[in-house]
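> Here it is, the structure in full.
The values are calculated or read from the model by the stated rules, or taken from the named source; none is laboratory data. Computed from a predicted model, the values in this text were never measured in an experiment. All Cβ positions, even for glycine, are placed from backbone atoms using ideal geometry, and neighbour counts span all protein chains on display.
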Amino acid sequence: MSTELRLAEVQQKIVEFCNGCGRDPAGVTLIAVSKTNPAESIREAAGAGQIHFGENKVQELTSKMDQFDDTLKWHMIGPVQTNKIRQMAGRVDWIHSVSRTKELDEIEKRAEMAGRSINVLIQVNISDEDQKSGCEPDELPALLEHAAPMAHIRVRGLMGMASFTDNMDVVRSQFRMLREMRDKWQNHPDKRIDLEHLSMGMTNDMQVAIEEGATMIRVGTAIFGERNYS
């Protein structure tokens, strides 16, 4: 099956899942996770109307951004290394995986040098698994406070990755926790903090994520097929 047909299937599922829980499908942004896939696959998806693409490694992200014009929106969804932020600050639109103050400081510094504003999501470790990135839930208020005065960062929401399990009750409880955290801090006293987005849900759990309020879902395999790790 072509990338275009797989993309159409995912888009239709988003509509069905939103209709099933009384949500407007326009409120869910599909991020096509293009990691390890060639530029030709991105070009095919873009030709079918896909705008938002996600990568989890800076080198691959910057290489692909250089091959496309500014009509596409690029999301860094993998772990952030402060020494590589400068490589993407001139072009990346969203960074989903910020979890430390030093990452905020470096993004602010590099965005200012590039004369840009970058959208940021704070990643929270909702699975309580050591191997998963993200701040601890009780660290979120301090991160929001640290980011509030920054002129070149816009904190737009939270990101989380659920446990890798077939038990959707566990996944649902973790997504719900992230939504409740977002709701708690959505009316942050500093109006420069605007937590409108929830980036959660991937190929296997996007229905639960949408039901629990996701505004961004990160889907790779269902759009591009099984990844080539060679």
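> In the stretch 156-182, how many are without any contact (Cβ under 8 Å) to a residue 24 or more places away in the chain and closer than 13 Å to E211 by Cα?
2
> For the stretch 101-130, how many residues meet the condition of being modelled with pLDDT of 95 or more, within 20 Å of the chain's Cα centre (by Cα) and surrounded by fewer than 17 Cβ atoms within 10 Å (Cβ to Cβ)?
The qualifying residues number 5.
> Mind listing whichever residues of the stretch 69-84 are surrounded by 12 or more Cβ atoms within 10 Å (Cβ to Cβ) and closer than 14 Å to A45 by Cα?
Once the filter is applied, which keeps residues that are surrounded by 12 or more Cβ atoms within 10 Å (Cβ to Cβ) and closer than 14 Å to A45 by Cα, the stretch 69-84 yields L72, K73, W74.
> All but one of (1) touching a strand residue (DSSP E or B) at 6+ places or on another chain (Cβ under 6 Å); (2) over 17 Å from I95 (Cβ atoms); (3) of a type in the set (A, V, I, L, M) hold for A26; which doesn't?
The number of the failed condition is (1).
> For the stretch 1-23, how many residues are in contact with a strand residue (DSSP E or B) (Cβ under 8 Å, 6 or more places away or on another chain) and within 16 Å of G47 (Cα to Cα)?
Looking only at that region, the number is 3.
> Something else now. Of A32, A89, A46, which residue is of a type outside the set (S, T, N, Q), farther than 29 Å from A147 by Cα and touching a residue at least 24 places away in the same chain (Cβ under 8 Å)?
Sole residue among the options that is of a type outside the set (S, T, N, Q), farther than 29 Å from A147 by Cα and touching a residue at least 24 places away in the same chain (Cβ under 8 Å): A46.
> Scan (1) of a type outside the set (A, V, I, L, M); (2) farther than 30 Å from L5 by Cβ; (3) touching an Asp or Glu at 6+ places or on another chain (Cβ under 8 Å) for the single condition R172 breaks and write down its number.
Condition not satisfied by R172: (2).
> With the condition being farther than 28 Å from K109 by Cβ, I'd like the helices (runs of 4 or more DSSP H) fully within the stretch 1-84 carrying at least 3 qualifying residues.
Output list reads 3-20, 39-47.
> Hey, another quick one. Just checking, how many residues over the stretch 38-61 are surrounded by 14 or more Cβ atoms within 10 Å (Cβ to Cβ) and farther than 20 Å from D93 by Cα?
The qualifying residues number 3.
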